[in-house]
Number of protein chains: 4
Amino acid sequence: MPQMGNRARAAILGASGYTGAELIRLLARHPHIEIRTLTADRRAGEPFGRVFPHLAALSLPDLVRIEDVDFGAHDIVFCCLPHGTTQETVAALPEHLKVVDLSADFRLADIATYAEWYGHAHRAPELQKSAVYGLTEIKRGQVARARLVANPGCYPTSAQLPLVPLIEAGAVEVRNIIVDAKSGVTGAGRSLREDILFPEVQDGIHAYGIGRHRHAPEIEQGLGEAAGAPVTVSFTPHLAPMNRGILSTIYVELADGETADGLREKLRSRYADEPFVHVLPSGAPATRHVRGTNRCDIGVAADRAPGRAILVSAIDNLVKGASGQAVQNMNAMQGWEETTGLELEAMYP
Amino acid sequence: MPQMGNRARAAILGASGYTGAELIRLLARHPHIEIRTLTADRRAGEPFGRVFPHLAALSLPDLVRIEDVDFGAHDIVFCCLPHGTTQETVAALPEHLKVVDLSADFRLADIATYAEWYGHAHRAPELQKSAVYGLTEIKRGQVARARLVANPGCYPTSAQLPLVPLIEAGAVEVRNIIVDAKSGVTGAGRSLREDILFPEVQDGIHAYGIGRHRHAPEIEQGLGEAAGAPVTVSFTPHLAPMNRGILSTIYVELADGETADGLREKLRSRYADEPFVHVLPSGAPATRHVRGTNRCDIGVAADRAPGRAILVSAIDNLVKGASGQAVQNMNAMQGWEETTGLELEAMYP
Amino acid sequence: MPQMGNRARAAILGASGYTGAELIRLLARHPHIEIRTLTADRRAGEPFGRVFPHLAALSLPDLVRIEDVDFGAHDIVFCCLPHGTTQETVAALPEHLKVVDLSADFRLADIATYAEWYGHAHRAPELQKSAVYGLTEIKRGQVARARLVANPGCYPTSAQLPLVPLIEAGAVEVRNIIVDAKSGVTGAGRSLREDILFPEVQDGIHAYGIGRHRHAPEIEQGLGEAAGAPVTVSFTPHLAPMNRGILSTIYVELADGETADGLREKLRSRYADEPFVHVLPSGAPATRHVRGTNRCDIGVAADRAPGRAILVSAIDNLVKGASGQAVQNMNAMQGWEETTGLELEAMYP
Amino acid sequence: MPQMGNRARAAILGASGYTGAELIRLLARHPHIEIRTLTADRRAGEPFGRVFPHLAALSLPDLVRIEDVDFGAHDIVFCCLPHGTTQETVAALPEHLKVVDLSADFRLADIATYAEWYGHAHRAPELQKSAVYGLTEIKRGQVARARLVANPGCYPTSAQLPLVPLIEAGAVEVRNIIVDAKSGVTGAGRSLREDILFPEVQDGIHAYGIGRHRHAPEIEQGLGEAAGAPVTVSFTPHLAPMNRGILSTIYVELADGETADGLREKLRSRYADEPFVHVLPSGAPATRHVRGTNRCDIGVAADRAPGRAILVSAIDNLVKGASGQAVQNMNAMQGWEETTGLELEAMYP
């Protein structure tokens, strides 16, 4: 272990869930970070290695309760708390702290939309105004200046990365965009729900939340911003019997005169210098090829139906869809090389 | 075992693959069938239980080569041979035999379309004229009078059952129909291919054959017939890490004045007396709930985008998508109760 | 559906778990049974198809609470309640009812051993005296005369079927018997436990409860009875990432002059007329080949170490390891053909 | 990418299999290594990223044939070739090269034993004499001086690490040692075999090669060396439906006066300074907690049967069981810090 002298001191709130564990996996090797505090209210007092034995070999602090944290001795806070519980927690944090929030609590700029989809009034509306939506490749400049970054949802990351540049370029129509997404089970978190018990998921697939998943307005916010006008998307998530990964198959109408090859070139050009976005020269991506990495792989194909194209994106929902992008945002906020701590090769098979 | 006196004598050609095995699982308990012959050229001479130990307890004939079969002593032939090898085999069968072909060789009525998608001229064009496409619920009358039934593909079954009645009723537009389908790995058969080795499939998902899968023209044939005009569909298959099941998520534009509830009612009415098609009163189906059965479960949901709806169908690709529908077709051809031998409850978990 | 006139009327207590669902799958097709009542306290009032949609097509009664059941209108009761809650429930049932209890509550004849392993005094010690341990192949005669049958545990079934005849024959030593067992996740039931969430189980394996699993004394009871003296076994269960199946690999010391071939012959002879026990002529069994069936497949191999042999048994933990054996016991208790309702082919793949 | 100036130049022979890919994943980030050459005879001429798209983002040389390699321009060779093909290849390599062979070709010191188990005479008997068996923690000194290291098999690694120190200490008897091992499917390599197709493996488990697996003599060689006398072990491998991982459950008889706690203490003491071997203070390890790492986790438990104990070890078969240990051996051979390039946290879930 290197010495901790001039490292930024990080606290991770909600360290007993999957995004918390993944964040710790990444931050433990980050050269500029010292993990000083881990919280988990129900498991306070326990060593972290009892909650996640795969990281037992790391030297990590025991879990504590949030109210016992001395935030003055920290520089950065990552919030991995459940949706709906984070607004007040973040609002109460000292001003000097930079914050990356992995929940949905600050993702929707319009608090009325938030209230509509999350079922209660926003509890920190003033703070919302300063929150930056951290889809790093799209918002890098704002992220760099932000104090509070709302880390994007997993599905919205996989949908926006291929779509935003194409909408900005006017290369696809904004009507009738269809996002058919397939997710691994870790996307549901480490919560005691019957529907994610092993026997309920294994060897089968189903759609859920059709037409009413909370990531729909988040996707629409990003696409609407790119379009300069409101956008409605058709978004259908599916649960696949796998641990990690989101594959989004996206059906679009081409703008007049546009082609699938044209879309691919626009994406390749847009992402040419991005370390984490790979536009495939041909073929379609697979989630297993980005497993464990912060990468988003994108494929483009012509549809049989004239005037249409199909985009396919693959991410690891726990990395680029959550904790990896959180580290990427932190790097941008701190002025560090954006890939620091994220030089990960995919683990396959 | 009941006595064999007046049973129909069946031969299964290509019994060493997954559809062959599943057919035998079903026919072994069928009260009107005697399994007299099983062929598998490369494994001729072996007991069937060595090829599929899960059925070793059944009394079954050893595997033989096709050329060694005395077809005169049979009444019905099921062909589970690879695509492209079946046309000549079926053409050479004695006239008195009824035939259910599970390959793609006789599914496309237009032999030019066949040649385009399968890469060679049709080898039994005369026979093709008499072949009936065996989507039983839709073609029951023709199936009952057929000598040769082309058993539908797995994806086309899952796509046509929800769509055909709605297109016939003019309830959905025939343009911009999108079929996003997810299949288990048995759909690829028991073939030695690197891409279906366990480690290549486990814990990941990907799309394949985008815009060029051979089931697209088969789906279009069925939808076009329903529409009375050519139809182009967008069809994207995916490989999911599971053994069995196809889930098709289908995105449609509603006809003027139509609603998702209206679609559901039309489907419920159309399939009210069908033993194998269940239209859910609400929610979306899951492949694991039809595992091992001949059922097709269908759900209908309104889309967020106005004027659109989402249909989701779930089948077991080896049963309703292959061998179960083959038995159903045989039952119809023989004038037996259509559910005979198919009274199966789903095996879950 | 056949008419219900002279069928035995069955109640299933605890129908919302996996063994309950599997029992219903089997009983729904049983020609001599009418499923009259299903209970599930927390889900009382709900249609069964909402709890287990895979069986929604069956005509089944809604779930009710136990205290609302009119037991006078029943002939047979199956208890699928959690361990520790069944003794008092069964003790309170009317005398005319036959009972098959799938919990562990009546499996241990010695109530002191029960108290030691289950942590509380037995709550129906008188009733225990009349309970028959329902390992059907071994106890058929007693089962036929029993009012209350304690259905064996899944692990004990897989361990005793190969071992009991060999111990009875003096073919293996009773010292140093080692049972290394691997189970699918449904063995843990449909309970909200973090350790059986999909991501906690998928793509990994581990041992648990080493040296202190409650099935150890149950196995020892059966082996001790066969030996006519107390037996201590080494029993180590493992959790494998699969839905169904138990594979027990059993290491034994041969009696003087005995051989692995000799063991196999003794088992083949002992089980020659048993419909549900198959002793393989060579090779080792696989759980997937008995999936969904009431079968126990057994293989025997010589060990490298002289004087030792290895037995391997495979069952489906929900069928022969639970609900299938329960039906088999009921058949024996009622004097029906023991295979009635259990003529199941394995579902593979 | 750092500059390549003074790095050791490595060739990987047989780079199109899983151990090759895993080796490249590890070496690509190794600060002292330049991957100069990758061979794969059947895929020569192809870019590596086509064979393993998950590593497509790395800058790697195209695949070539072995006969086209200029070995003079290399320092280290890793052989990931099939068993039986490596002896002649290695014998033909220039003397200046250091070699880590991941096949079984040089693991057995006794060429008569090799011939017995591998079915042909050893093809490089002179070279065999200088080969060092690379179980690093046990053979570190010899490895450091070796030119040719035979990298251990996956099963033997998982069996020897817990057993060797205990046998050396006389803490367990060498008779009746039983190793019941469960492996993920990548252990079978990326070979076209029907028995490792996804549907053949998914959702089931089975034993194979009982009493005749080639890793048995390798385990016995290591244990015999520790005991100073020949040892016979009972070794039974199983195939579990998972990608990675070996769990070995090992049943031993305690030496007089020894206890399970005593075994644990001896192992903790023996491995106290080892970065890759973790002896758990209590409980049993799980393969998923070492996934992707070079770790071996070991648990010790008392058996119910007096005088016996149970050891459980968990490794990732592709890392500590193959490519990770190969890198560890290379580090030792080169005099580099042994953990270089192997600072990996487990990827879980």
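The residue list C:201, C:149 contains one member that is closer than 30 Å to residue C:96 by Cβ and in contact with a strand residue (DSSP E or B) (Cβ under 7 Å, 6 or more places away or on another chain), which is C:149.
If I go through region C:174-219 residue by residue, how many of them are acidic (Asp, Glu) and out of contact with any helix residue (DSSP H, G or I) (no Cβ under 9 Å at 6 or more places or on another chain)? Walk me through how you get there before you give the answer.
Filtering region C:174-219 down to residues acidic (Asp, Glu) leaves C:180, C:194-195, C:200, C:203, C:218.
Checking which are out of contact with any helix residue (DSSP H, G or I) (no Cβ under 9 Å at 6 or more places or on another chain) leaves us with C:180.
Going through region C:174-219 one residue at a time, the tally reaches 1.
Against the conditions (1) surrounded by fewer than 24 Cβ atoms within 10 Å (Cβ to Cβ); (2) more than 10 Å from chain A (Cβ to nearest Cβ); (3) farther than 30 Å from residue B:256 by Cα, residue B:225 satisfies every one except (3). Only residues that are over 18 Å from residue B:280 (Cβ atoms) and either without any contact (Cβ under 8 Å) to a residue 12 or more places away in the chain or touching a His at 6+ places or on another chain (Cβ under 7 Å) (or both) were counted across region C:25-69, and they come to 3.
If I go through region C:309-331 residue by residue, how many of them are crowded, with 24+ Cβ neighbours inside 10 Å and part of a helix (DSSP H, G or I)? Show your work before the answer.
Going residue by residue through region C:309-331, those that are crowded, with 24+ Cβ neighbours inside 10 Å are C:309-330.
Still in the list and also part of a helix (DSSP H, G or I): C:319-330.
Number satisfying all stated conditions: 12.
Would you check if there is a residue in region B:146-155 being surrounded by fewer than 22 Cβ atoms within 10 Å (Cβ to Cβ) and either at pLDDT 95 or above or polar (S, T, N, Q) (or both)? Yes, that holds for at least one residue. Restricting attention to region C:191-218, the residues being modelled with pLDDT of 95 or more and of a type in the set (Lys, Arg) number 2.
Please work out which residue is surrounded by the fewest Cβ atoms within 10 Å (Cβ to Cβ), limiting yourself to region C:90-128 and to residues that are among the hydroxyl-bearing types (Ser, Thr, Tyr) and farther than 18 Å from residue C:326 by Cα. Selected residue: C:113. Considering only region D:188-200, I want to know if a residue exists there that is over 21 Å from residue C:243 (Cα atoms) and among the aromatic types (Phe, Trp, Tyr). Taking every residue of region D:188-200 in turn, none turns out to be over 21 Å from residue C:243 (Cα atoms) and among the aromatic types (Phe, Trp, Tyr).
Okay, residues lined up against (1) within 14 Å of chain C (Cβ to nearest Cβ); (2) within 30 Å of residue B:288 (Cβ to Cβ); (3) surrounded by fewer than 24 Cβ atoms within 10 Å (Cβ to Cβ); (4) touching a residue at least 40 places away in the same chain (Cβ under 8 Å):
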residue	(1), (2), (3), (4)
D:157	no, no, no, yes
D:162	yes, no, no, yes
D:170	no, no, yes, yes
D:174	yes, no, yes, yes
D:186	yes, yes, no, yes
D:198	yes, yes, no, no
D:204	yes, yes, no, no
D:212	yes, no, yes, no
D:237	yes, no, yes, yes
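Among the residues of region C:244-266, those identified as under 15 Å from residue D:234 (Cβ atoms) and either at the interface with chain D (Cβ under 7 Å from one of its Cβ atoms) or modelled with pLDDT under 95 (or both) are C:249, C:251.
None of C:219, C:178, C:250 is aliphatic (A, V, I, L, M) and assigned to a helix (DSSP H, G or I) except C:219. With C:102, C:127 as the choices, which residue is aliphatic (A, V, I, L, M), touching a Leu at 6+ places or on another chain (Cβ under 9 Å) and under 21 Å from residue C:27 (Cβ atoms)? Within the list C:102, C:127, the selection yields C:102. From the list D:144, D:171, D:159, the lone residue that is more than 17 Å from residue D:271 (Cα to Cα) and either of a type in the set (Gly, Ala, Ser) or out of contact with any helix residue (DSSP H, G or I) (no Cβ under 8 Å at 6 or more places or on another chain) (or both) is D:144. Taking the criterion of being charged (D, E, K, R) and away from chain C (no Cβ under 12 Å), the only residue of region D:309-322 that qualifies is D:320. Kindly indicate whether residue B:143 is under 27 Å from residue B:260 (Cβ atoms), among the β-branched types (Val, Ile, Thr), under 17 Å from the mean Cα position of the chain (by Cα) and not in a loop (DSSP other than H, G, I, E, B). Taking the combined requirement at face value, the residue does not satisfy it.
The set of residues from region D:1-20 being surrounded by 24 or more Cβ atoms within 10 Å (Cβ to Cβ) and among the hydrophobic types (A, V, I, L, M, F, W, C) comprises D:10, D:11, D:12, D:13, D:15. With respect to the conditions (1) free of Cβ contacts under 8 Å to residues at least 12 places away in the same chain; (2) part of a helix (DSSP H, G or I); (3) more than 8 Å from chain D (Cβ to nearest Cβ), residue C:166 falls short on a single one, namely (1). Before we move on, is residue A:104 over 15 Å from residue A:10 (Cα atoms) and over 14 Å from the mean Cα position of the chain (by Cα)? When the stated conditions are applied, residue A:104 does not pass them.
The condition (being in a loop (DSSP other than H, G, I, E, B), at the interface with chain C (Cβ under 10 Å from one of its Cβ atoms) and more than 25 Å from residue C:244 (Cα to Cα)) is satisfied by just one residue among D:306, D:230, D:241, D:275: D:306. State whether one or more residues within region D:9-28 are under 21 Å from residue D:131 (Cα atoms) and of a type in the set (D, E, K, R). No, region D:9-28 contains no residue that is under 21 Å from residue D:131 (Cα atoms) and of a type in the set (D, E, K, R).
Of the listed requirements (1) within 14 Å of chain D (Cβ to nearest Cβ); (2) over 16 Å from the mean Cα position of the chain (by Cα); (3) part of a loop (DSSP other than H, G, I, E, B), residue C:300 misses just one: (3).
Here's a check for you: in region B:278-297, which residue that is touching a Gly at 6+ places or on another chain (Cβ under 7 Å) and assigned to a loop (DSSP other than H, G, I, E, B) is nearest to the other protein chains (Cβ to nearest Cβ)? Let's see the steps before the verdict.
Applying the first criterion (touching a Gly at 6+ places or on another chain (Cβ under 7 Å)) to region B:278-297 yields B:280, B:283-288, B:291, B:294.
Next, from what is left, pick out any that are assigned to a loop (DSSP other than H, G, I, E, B): B:280, B:283-285, B:291, B:294.
On the way: B:280: 8, B:283: 8, B:284: 5, B:285: 7, B:291: 7, B:294: 11 Å.
Among those that are touching a Gly at 6+ places or on another chain (Cβ under 7 Å) and assigned to a loop (DSSP other than H, G, I, E, B), it is B:284.
The values are calculated or read from the model by the stated rules, or taken from the named source; none is laboratory data. As the structure is a computational prediction, the values presented were derived from the model and not from experiment. A quick note on method: Cβ atoms are made from the backbone with ideal geometry, for glycine too, and the neighbour counts reach across all protein chains shown.
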